[in-house]
């Protein structure tokens, strides 16, 4: 029975195969059309979602026209009466240069350090982006901290234009969209010019020229190969490669940039090896600008006036003080200003000097960057040969002191033995490690203790014919106190009241030839009250006097 069934089944097998093929011929096209439709829906949905996200993140980004008209924030420069630059007002120290003014060596250093495919990509480095996304996903899932960056130079320019440093996917999306827009609007040279003029490199320096001054006190065209390579390491994290606090780390990163420059064909192997063996050569603190800072209280009064009239930043208009790049001409005579400042300081120091030494009440942590802390301390020394210092150690004969540039000197007990104001003992006995003091240089490495006057004063020199203010000093030093006693202090009228008295006398028939008595003057105060008498301050009298020659003795 089983044999017969198998025989019958095998005879029907061709018919079953043919039937199955007919079924597949009908079903496969239907399934194919179904999957094509599904794939179309997925692609359409993805396109709609991508378009919606693009529109969402692209809203509010700078347009092409704004990118073409971009201007960075520029400082306000102030000139004296003769046109000499004397001061700058800026939160971001920047000197703007054109792309052609940057030496190729400097450009190549930054390209090698930050984005070696800059001239070939379209704004995004896709391999770097994939690596950054993977790193971000991994660290987000594991809580492992901040992911590494994958930004091109174009994206860094976009980040600067956005003024947004938040750590988010939304910011990166806006950054990418703006990077595409930059690449389609500006040339590579224009993008690189914005980058080189705008990137923050530490020490309040924005742009390569400002950083060149801050770290090497040179213009950008004077930089050597190792100096240019060091500046190129700073965009990632200036504080991580500080030449003072992280010298070896800065050297290692600089040498990495030099190696990359060699691999990219910008320098020879001999140049690479020679530059890598060179010390950093940075100065401790640079000027950040070439103009000599002058004026003190005069310039502070100018700054306040400009802020009142033009505003603080770019949101206040194109002519704002800290973004508009204003050039201001003032009536200040730099020579007279220096003379006025020194004259007032000498008078205040002379008046205050016999009252003992005064503790500033400021100190630094000697276990940290004491020189940097000292430099940032709000203490103005006034005189050019007075310096702020910190006590590093002390024995019975002298104290060792340190200065803002990291150098040290000695303070002998004999020049710090004056009494301490408001307390017992001498000044030297009250010195302690970490204390900020003021000293005056005596010799090559020897200093004497000084004290900032507690009393203040004001000085103003005006050209009577024109009313121009030529010099103004409102205190001992504007760094210690910006309160300007020449313009902000309320005072007794003094001799300014005389014209009012003279006018009243003339209106009542008196003349310069009229005789008045220089003698006590008494008047009744009313019933039951004693007479009120006015006398000269020194209680000396000259008798009959003509009005034109009357004494100006003070009365009480």
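The values are calculated or read from the model by the stated rules, or taken from the named source; none is laboratory data. Keep in mind it's a predicted model, so treat the numbers as computed, not measured. All Cβ positions, even for glycine, are placed from backbone atoms using ideal geometry, and neighbour counts span all protein chains on display.
At-a-glance table
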item: Filter pass, residue 505 being over 25 Å from residue 385 (Cα atoms), in contact (Cβ under 8 Å) with a residue 12 or more places away in the chain and surrounded by 13 or more Cβ atoms within 10 Å (Cβ to Cβ); result: yes
item: Test: residue in the range 405-413 that is part of a loop (DSSP other than H, G, I, E, B) and either at positive phi or in contact (Cβ under 8 Å) with a residue 40 or more places away in the chain (or both); result: yes
item: Only listed residue being buried (at least 22 other Cβ atoms within 10 Å of the Cβ) and at pLDDT 90 or above, chosen from 209, 271, 248; result: 209
item: Answer residue from the range 89-131, given it is closer than 23 Å to residue 319 by Cβ and modelled with pLDDT under 85 and is surrounded by the fewest Cβ atoms within 10 Å (Cβ to Cβ) among those; result: 91
item: Some residue of the range 490-506 being within 30 Å of residue 359 (Cβ to Cβ) and assigned to a loop (DSSP other than H, G, I, E, B); result: yes
item: Qualifying residues in the range 464-483 (those that are touching a residue at least 12 places away in the same chain (Cβ under 8 Å) and farther than 30 Å from residue 419 by Cα) - the one surrounded by the fewest Cβ atoms within 10 Å (Cβ to Cβ); result: 468
item: Single residue of the range 69-88 satisfying the filter (more than 18 Å from the chain's Cα centre (by Cα) and modelled with pLDDT under 80) that is nearest to residue 207 (Cα to Cα); result: 71
item: Single match in 466, 523 (criterion: outside the structural domain of residue 386 (by TED's automatic domain parsing), modelled with pLDDT of 90 or more and more than 59 Å from the chain's Cα centre (by Cα)); result: 523
item: Filter result (free of Cβ contacts under 8 Å to residues at least 12 places away in the same chain and in a helix (DSSP H, G or I)) within the range 226-262; result: 240, 248, 249, 252, 262
item: Residue under evaluation residue 510, criteria (1) touching a helix residue (DSSP H, G or I) at 6+ places or on another chain (Cβ under 9 Å); (2) at pLDDT below 90; (3) within 22 Å of residue 543 (Cβ to Cβ); (4) not in a strand (DSSP E or B), criterion not met; result: (2)
item: Residues that are surrounded by fewer than 16 Cβ atoms within 10 Å (Cβ to Cβ) and either touching a residue at least 40 places away in the same chain (Cβ under 8 Å) or assigned to a loop (DSSP other than H, G, I, E, B) (or both), drawn from the range 446-455; result: 454, 455
item: Filtered residue count, the range 341-371, keeping only those that are closer than 26 Å to residue 90 by Cβ and either part of a loop (DSSP other than H, G, I, E, B) or modelled with pLDDT of 90 or more (or both); result: 2
item: Residues of the range 266-275 satisfying the condition of being under 23 Å from residue 217 (Cβ atoms) and either part of a loop (DSSP other than H, G, I, E, B) or within 33 Å of the chain's Cα centre (by Cα) (or both); result: 275
item: Some residue of the range 469-477 being over 21 Å from residue 340 (Cβ atoms), part of a strand (DSSP E or B) and touching a strand residue (DSSP E or B) at 6+ places or on another chain (Cβ under 7 Å); result: no
item: Verdict on residue 162 being modelled with pLDDT of 70 or more, within 26 Å of residue 207 (Cβ to Cβ) and assigned by TED's automatic domain parsing to the domain that holds residue 235; result: no
item: All positions within the range 380-398 that are assigned to a loop (DSSP other than H, G, I, E, B) and without any contact (Cβ under 8 Å) to a residue 24 or more places away in the chain; result: 384, 395, 396, 397
item: Single condition residue 290 does not satisfy, out of (1) surrounded by fewer than 17 Cβ atoms within 10 Å (Cβ to Cβ); (2) under 23 Å from residue 88 (Cα atoms); (3) at pLDDT 90 or above; result: (3)
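Let's see how each residue does on (1) modelled with pLDDT of 90 or more; (2) part of a strand (DSSP E or B); (3) at positive phi:
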{"position": "378", "(1), (2), (3)": "no, no, no"}
{"position": "400", "(1), (2), (3)": "yes, yes, no"}
{"position": "428", "(1), (2), (3)": "yes, no, no"}
{"position": "438", "(1), (2), (3)": "yes, yes, no"}
